[in-house]
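To start, the structure under review is shown below, and the notes come after it.
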Amino acid sequence: MRHSLSYRGNRIPLSIGKALIGRSVGCKVTLEGAEVSRRHARLTIAEDGLVVEDLASDNGVFVNGERVDRSRRLVDGDRLMVGGHELRVVVEDVADDAVHGQAAAPPDSVRASIDRIWEDDEDEALDAFGAVTSRTEPHVMICAAVQGELDAGQIEQAEQLLSSQAASLLESAKHQGRLGKEVGRLGASRAARLALATGRAKWVAWALELVAVSGTTLPDETLRELDAALDKIGALEAPSVRQHLATLRARPGEPSAAERRLLARLEGLVG
């Protein structure tokens with residue numbers, strides 16, 4: 001079964017796991033209004049059902065007009081009321097999705113990692129990734145998920161997450177203006193950490209491509225991580241790296257000392 005919420009004509013897909021509803025920008029479903037608590041309710045999504053839990057909100061959670069006492073199982077067509085906002089529960093067979101051409105939800109592993117970060121320490125996540133992460137750019141949330149896996153020492157999981165979203169992140173960095181620069185900066189930072197942890201040259205090349213297409217500037221910490229990763233790698237695929245280096249060299253403005261040092265080293269590696 002596939003679960004989602006219908007809200008003001010828009011469909012919000014729900015992946016297996018947990019999803020918060022509330023006013024906070026860290027919630028999966030962000031609702032505005034004074035009657036909505038920062039973390040108002042939690043949805044638990046499983047293959048065989050969907051449960052809503054009231055997180056001790058001031059104004060309560062209602063299902064079909066009845067106030068929820070702690071938690072309640074939801075079924076297709078239920079009307080979920082949170083702070084004056086009505087969301088309709090939609091439950092569909094996966095086979096129906098294929099017939100109607102509905103896009104698949106994001107990978108459960110990505111959503112689960114993101115949800116864990118926000119639930120563990122929302123304020124810290126906001127400091128690290130900015131309020132832009134929830135409503136304006138889901139790709140930045142993916143970077144947050146990768147960061148969480150790296151911090152937990154789950155290198156393989158972090159690499160799987162970033163690999164699964166690499167093409168989408170690159171497109172976002174190309175076309176999103178100021179937000180693209182943020183995606184480029186965060187994506188390149190996570191790639192640098194992966195390159196350092198795995199010794200894989202592809203993450204250095206991908207970081208350089210992100211920087212080139214987004215026009216972003218990397219902080220010295222990321223530049224140092226890339227430099228340290230090169231100690232492990234020792235060689236790079238010349239054609240793609242040369243192309244990105246040429247783009248970076250042609251950018252206006254004076255590069256920082258750390259940028260000059262990294263560019264010189266990269267050029268030495270590709271010959």
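The values are calculated or read from the model by the stated rules, or taken from the named source; none is laboratory data. Nothing here was measured: the structure is a model prediction, and the numbers come from that model. Positions of Cβ are generated from backbone atoms using ideal geometry, with glycine treated the same way; all protein chains shown enter the neighbour counts. SASA here: full protein model, heavy atoms, side chains in, ligands and nucleic acids out. Shrake-Rupley method; radii C 1.70, N 1.55, O 1.52, S 1.80 Å.
Suppose the filter is surrounded by fewer than 18 Cβ atoms within 10 Å (Cβ to Cβ) and within 28 Å of Ile142 (Cα to Cα); does His85 pass it?
yes
Within the range 200-227, the set of residues being among the hydroxyl-bearing types (Ser, Thr, Tyr) and either buried (at least 23 other Cβ atoms within 10 Å of the Cβ) or within 16 Å of Cys143 (Cα to Cα) (or both) comprises Ser214, Thr216, Thr222. Could you go through the range 117-131 and let me know if any residue there is farther than 22 Å from Glu182 by Cβ, assigned to a helix (DSSP H, G or I), under 15 Å from the mean Cα position of the chain (by Cα) and modelled with pLDDT under 70. Yes, some residue in the range 117-131 is farther than 22 Å from Glu182 by Cβ, assigned to a helix (DSSP H, G or I), under 15 Å from the mean Cα position of the chain (by Cα) and modelled with pLDDT under 70.
Going by the structure shown, is Lys174 part of a helix (DSSP H, G or I), out of contact with any Lys or Arg (no Cβ under 9 Å at 6 or more places or on another chain), basic (Lys, Arg) and closer than 22 Å to Asp220 by Cβ? No, not satisfied.
To keep it simple, each residue is scored yes or no on (1) at pLDDT below 75; (2) within 18 Å of Leu150 (Cα to Cα); (3) in a loop (DSSP other than H, G, I, E, B); (4) not charged (D, E, K, R).
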residue	(1), (2), (3), (4)
Leu170	no, no, no, yes
Val183	no, yes, no, yes
Leu196	no, yes, no, yes
Leu208	no, no, no, yes
Thr216	no, no, yes, yes
Glu225	no, yes, no, no
Ala235	yes, no, yes, yes
Val241	yes, no, no, yes
Arg260	no, no, no, no
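For the range 1-12, residues that are assigned to a strand (DSSP E or B) and either of a type in the set (Gly, Ala, Ser) or open to solvent by less than 50 Å² (accessible area, probe 1.4 Å) (or both) total 6.
Residues of the range 13-61 that are surrounded by fewer than 18 Cβ atoms within 10 Å (Cβ to Cβ), among the hydrophobic types (A, V, I, L, M, F, W, C), in a strand (DSSP E or B) and free of Cβ contacts under 8 Å to residues at least 24 places away in the same chain: Val51 alone.
Out of the range 138-163, which residues are assigned to a helix (DSSP H, G or I), modelled with pLDDT of 80 or more and open to solvent by 30 Å² or more (accessible area, probe 1.4 Å)? Within the range 138-163, Ile155, Glu156, Gln157, Gln160, Ser163 meet the criteria. If you go through the range 73-95 and keep only what is under 20 Å from Arg38 (Cα atoms) and part of a strand (DSSP E or B), you end up with Leu80, Met81, Val82, His85, Glu86, Leu87.
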